[in-house]
Each structure stands twice: as C-alpha cells, then as structure tokens.
Amino acid sequence: SPPVRRFQILVSLMLSSQTKDEVTAAAIGRLQAAHAGGLTPQAIADFEEAELAEVLKPVGFYRQKAKHLIQTARLILSEHGGDLPGDLGGLVALPGVGPKMAHLCMRAAWGICTGIGVDTHVHRLANRLRWVRN
C-alpha cells in the first residue's frame, strides 16, 4: 500500500546513513523477512530494541538506528494514522530524521520537491566555488 511503501522509503533512508548500499539492501531484506506482514510500521513497533539491533547488524550505528526506528514507527502509528507525515516539519520531528533525509523522503515518498539533500562535501565545494556564502 502507499503508506507502507512510504514507510519503507523512510526506513531505507534512515539505515543508509553511514552505511554502504549493499549493507542497507541486505538489512531491508532481513527486516522484510523478520515479520510475517513484511516491513510495516507495526512490525517495527513490535520489535524489542535489542532484537531489532541484531537484525540490523552490520548497518552503521545499528543500535541507535534500532532505537530511532522503533520510536519513529510508534509515532507514525499513534500520531499519524500509520502513514508518514506529508510535510518537511513533520518528518524532521521524527527521531533520527534530519533535514537532508526529510528532503529526500519528501521527493521519494510523496513526489514533492521541498529542497535538495546535500552532504557536507557538496556544501564545502559550493562554498569553495563561491556559489554560496555561509
């Protein structure tokens, strides 16, 4: 369903930070297989933090990401009717989601361009090339 697809996009983005694509893809596969209903907000909310951390290994910062994923899934279920918030502010309010991730999620999950997600390296280059000053 569209809400589950959007949640899966957010989970993928949350896991991808500081993690190679192959490791992220493998972790998503393990998450989908870990629950009979697949990778849904309810499935993540039902995990114990230590159990989810084991499923996520060797994702970078897997313990912290397990904590954030469970908190986020529970908030999505309790405050957003099982779907992601459809605005940048709502996404950034979720644990473990920053502006870059929120911009990427808005585009991938909702088809709305709210900004451009860039990393530190792009920011430094833009400053060095004097495209921006900040």
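General observations
- Accessible area ranking (1.4 Å probe, heavy atoms, ligands and nucleic acids excluded), largest first, for D46, D21: D21, D46.
- Dipole magnitude for the chain: about 740 debye, using +1 per Lys or Arg Cβ and -1 per Asp or Glu Cβ, origin at the Cα centre.
- Springs between Cα atoms under 10 Å define the GNM used for the chain, and in it the highest mean-square fluctuation of A50, A27, A109 occurs at A50.
- Using just its DSSP H runs of length 4 or more, each adding -39500 (n - 2.57), the chain gives a mean residue ellipticity at 222 nm of -18000 deg cm²/dmol after division by all residues.
- Net dipole in debye of region 23-87 [+1 Lys, Arg Cβ; -1 Asp, Glu Cβ; about Cα centre; nearest 20]: 280 debye
- Sites listed here are chymotrypsin sites (Phe, Trp or Tyr not before Pro) in region 27-134 whose DSSP assignment is loop and whose Cβ has at most 10 other Cβ atoms within 10 Å: W131.
- The largest accessible area among I76, I9 belongs to the first residue in I9, I76, and the rest follow in falling order (1.4 Å probe, all chains).
- Simple spin-label estimate for A36 and R74 in nanometres, 7 Å along Cα-Cβ: 2.4 nm
- Separation of alpha-carbon centers, region 119-134 and region 50-114, rounded to whole Å: 27 Å
- Answer label for P(r) over Cα pairs in 10 Å bins from 0, in percent (calculated), chosen among (i) 16, 50, 31, 3, 0; (ii) 11, 42, 37, 10, 0; (iii) 12, 42, 32, 10, 3, 0: (iii)
The values are calculated or read from the model by the stated rules, or taken from the named source; none is laboratory data. Because the structure is a prediction, the values reported are computed rather than measured. Neighbour counts run over all protein chains shown; Cβ positions are idealised from the backbone, glycine included. For accessibility, only protein heavy atoms count, side chains too; no ligands or nucleic acids. Shrake-Rupley method; radii C 1.70, N 1.55, O 1.52, S 1.80 Å.
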